[in-house]
Amino acid sequence: MQQIDAKPHPSIKGVMIIDGKNNFPISWLNQQGYCEYSIYLENVRGIETEPTIEMKQGQAIHQELENDFKKDAEIIDFKEMMKLSQTQEILSREMYVSSPKFGIRGLIDEIWLTPDEFIIIDDKPGSFAYNSTINQVFGYCLAFKDTIGADDRKISGALRQRGTSNIFWMQEFNEESQRRIQKILERMQNLLKGSKHFLPTNNPRKCAKCRFNSFCEFG
Ligand code: SF4
């Protein structure tokens, strides 16, 4: 089995150094699109806040879905699942993906694996496809693509309204989407290395709803 060299970053919470490269949670791509300075406050300065009502509601619905899924779910190994999906449709939840190459890792809410394609679904509280949520789901697509290696089935990313079956956005993860997400990952790597500065949003409406606003010099 291939050995992976992984250790926590000495000063940034949530970052692991895997095979010599900073590796961060894919959910940060959503936070980066909202305001990257909030990533700095939370993980570099280490500011802790109470979860918001929306976060608590999201976690509760998420747990409910997970419990329902587990009632009929079978546990199978990743390689076996990939092989089975060449001939039958499989639904998997909470799949962990990690890409040391691209410096990202995270848990995918749900994947539909079919003989023709993979659909990677991220559940969101609303039904509007923000750039930040698209970046997050493309991050999962890239990490999944890197994890499965040589498999020429199409990969699509999708956003679904949490607790419903309403898929309100879906797009193929093609070369253009890969270029888009790799550009953002490059910026994130520069922020984590300190060669670029975490920038605050200039949208006061975001600051008004931000859980860090009482700690933030820009809020
Ligand atoms: S208060 Fe505004 S600038 Fe500060 S972290 Fe929150 S969203 Fe960003």
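The values are calculated or read from the model by the stated rules, or taken from the named source; none is laboratory data. The shown structure was predicted, so the numbers you read here are calculated from the model rather than taken from an experiment. Using ideal geometry, Cβ is built from the backbone for each residue, glycine included, and neighbour counts are taken over all protein chains shown. Protein only, heavy atoms only, side chains kept; ligands, DNA and RNA dropped before computing areas. Shrake-Rupley method; radii C 1.70, N 1.55, O 1.52, S 1.80 Å.
I need a count of the residues in segment 17-43 that are among the aliphatic types (A, V, I, L, M) and surrounded by fewer than 19 Cβ atoms within 10 Å (Cβ to Cβ).
Step one: of segment 17-43, the residues among the aliphatic types (A, V, I, L, M) are 17-18, 26, 29, 39, 41.
Filter once more, so that each one left must be surrounded by fewer than 19 Cβ atoms within 10 Å (Cβ to Cβ): 17.
Here the count works out to 1.
Within segment 164-210, take every residue that is hydrophobic (A, V, I, L, M, F, W, C) and part of a loop (DSSP other than H, G, I, E, B) and give me the one that is nearest to W112 (Cα to Cα). Explain how you work it out, then say what you get.
Of the residues in segment 164-210, the ones hydrophobic (A, V, I, L, M, F, W, C) are 167-170, 173, 181, 184-185, 188, 191-192, 198-199, 207-208, 210.
Adding the requirement that they be part of a loop (DSSP other than H, G, I, E, B) leaves 173, 198-199, 210.
Values: F173: 14, F198: 35, L199: 36, C210: 33 Å.
My answer is F173.
Does N213 satisfy the criteria of being open to solvent by less than 70 Å² (accessible area, probe 1.4 Å), among the polar types (S, T, N, Q) and within 16 Å of the ligand (Cβ to nearest atom)?
Numbers: open to solvent by less than 70 Å² (accessible area, probe 1.4 Å): yes; among the polar types (S, T, N, Q): yes; within 16 Å of the ligand (Cβ to nearest atom): yes.
In short, yes.
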